[in-house]
1. Write out, first by first residue and then by second, each pair whose Cβ atoms fall under 6 Å of each other, whose residues are 6+ apart or on separate chains, and whose first residue, in segment 167-186, is part of a helix (DSSP H, G or I) while the second is surrounded by fewer than 20 Cβ atoms within 10 Å (Cβ to Cβ) and among the charged types (D, E, K, R).
2. Given the criteria within 30 Å of residue 120 (Cβ to Cβ) and touching a Phe, Trp or Tyr at 6+ places or on another chain (Cβ under 6 Å), does residue 148 qualify?
3. For residue 173, state whether it is of a type in the set (A, V, I, L, M) and within 20 Å of the chain's Cα centre (by Cα).
4. I'm trying to understand the selection: among the residues of segment 199-227, which are among the small types (Gly, Ala, Ser) and either in a loop (DSSP other than H, G, I, E, B) or out of contact with any strand residue (DSSP E or B) (no Cβ under 6 Å at 6 or more places or on another chain) (or both)?
5. With the requirement that a residue be of a type in the set (Phe, Trp, Tyr) and more than 15 Å from residue 308 (Cα to Cα), what does segment 255-283 give you?
6. Which members of segment 275-315 meet the condition of being in a helix (DSSP H, G or I) and out of contact with any Asp or Glu (no Cβ under 9 Å at 6 or more places or on another chain)?
7. Given the conditions (1) surrounded by 18 or more Cβ atoms within 10 Å (Cβ to Cβ); (2) farther than 25 Å from residue 259 by Cα; (3) in contact with a Gly (Cβ under 7 Å, 6 or more places away or on another chain), report the number of the one that residue 96 does not fulfil.
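The values are calculated or read from the model by the stated rules, or taken from the named source; none is laboratory data. Here the structure is a predicted model, which means the values were calculated and not measured. In this analysis, Cβ positions are derived from the backbone assuming ideal geometry, glycine residues included, and neighbour counts consider all displayed protein chains.
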Amino acid sequence: MAHPFPVSAPKPAPVSAPKPEGGRATAVVLRPLGLGDLLTGVPAIRGVRAAVPDHRLVLATTRALQPLAALIDAVDEVLPAVELEPLDWAGPPPELAVDLHGKGPLSHVVVADLQPERLLTFDSPGYPGPAWYPDEHEVRRWCRLVSEGLDVACDPDALDLAVPDLVPPVAGVAVVHPGAAFPGRRWPPERFSAVAAHLAASGLDVVVTGGPAERDLALAVAAGAGLGEDAVLAGRTTSLELAAVIAAARVVVCGDTGVAHLASAYRRPSVVLFGPVSPALWGPPPRPQHVVLWHGDGTGDPWGTTLDPALDRITVPEVTTALDQLL
């Protein structure tokens, strides 16, 4: 069923933070998490930019996401960071520091240690701020923090990402992305194979994407669909090349992963399969080109080691029907 947008690595080598240019004030935003986390934080990052338009905005995120973070138009500099570890900040204290990592207090300490003139965090002991609501959609949560804390409008639909300045390895294809960070969020590979075969039979060029660790999974999905190894892009693309493929895709089908958020960022038609986590917390915005399938009745374990029952209840015919309607 389509679900509406609700109301509600290894440690990098030290990198010195950029010093202010010509006395320009600096704002630091902390978001060192996964791809989906980064992309759901984009509207809030844009809200910070709107609140301090003349500041130099530095985004602290993981080294792996640095190329994609540079595609966010509100960001001036990217500072490599490792989750809750201290930032390697060599410049003077920023005028503003914003914790877009979590509800605290551990992540609050990371930004507070920069000794900013202003600090924006969710409320926790020793850190006054807006209240944290556990049942709030991830995009709206961070938009509300910025909106209430900085008294600025923050549009939760401002998810767009710049298209990488490169020629994508393929364009106009159907992207099948079978991987997910944890087994609980991975729809069975044989079902992805059946979906990929259906897309190919519909006359579309189909590719199977994923990271280097997901190449064997992608090869199995492609083989089950009768696709050749050349259809497997998993392990063969950089993060920017993957983004370019999604930006030029005809359609995307995947689980609750970062690729789903890339499809939202580039407004590409997508069918997203949800399991342990409700789309009310992480689903795409309410656009006709994004279809969510979910049969849950609550929140399961997003770090589960076995297939989530709600995800297991999604059938191949449901997915192919949703794809046919989009196409």
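1. Between residues of segment 167-186 that are part of a helix (DSSP H, G or I) and residues that are surrounded by fewer than 20 Cβ atoms within 10 Å (Cβ to Cβ) and among the charged types (D, E, K, R), the close pairs are 184/301.
2. no
3. When the stated conditions are applied, residue 173 does not pass them.
4. Of the residues in segment 199-227, the ones among the small types (Gly, Ala, Ser) are 200-203, 210-211, 213, 218, 220, 222-226.
Within segment 199-227, 201, 202, 203, 210, 211, 213, 220, 223, 224, 225, 226 meet the criteria.
5. Correct list: 266, 282.
6. Result: 309, 312.
7. Among (1) surrounded by 18 or more Cβ atoms within 10 Å (Cβ to Cβ); (2) farther than 25 Å from residue 259 by Cα; (3) in contact with a Gly (Cβ under 7 Å, 6 or more places away or on another chain), the lone unmet condition for residue 96 is (3).
So that you can scan it fast, the table gives a plain yes or no per residue for (1) in contact with a helix residue (DSSP H, G or I) (Cβ under 7 Å, 6 or more places away or on another chain); (2) modelled with pLDDT of 95 or more; (3) among the charged types (D, E, K, R); (4) surrounded by fewer than 16 Cβ atoms within 10 Å (Cβ to Cβ):
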site: 29; (1), (2), (3), (4): yes, yes, no, no
site: 38; (1), (2), (3), (4): yes, yes, no, no
site: 47; (1), (2), (3), (4): yes, yes, no, no
site: 53; (1), (2), (3), (4): no, yes, no, yes
site: 69; (1), (2), (3), (4): yes, yes, no, no
site: 86; (1), (2), (3), (4): yes, yes, no, yes
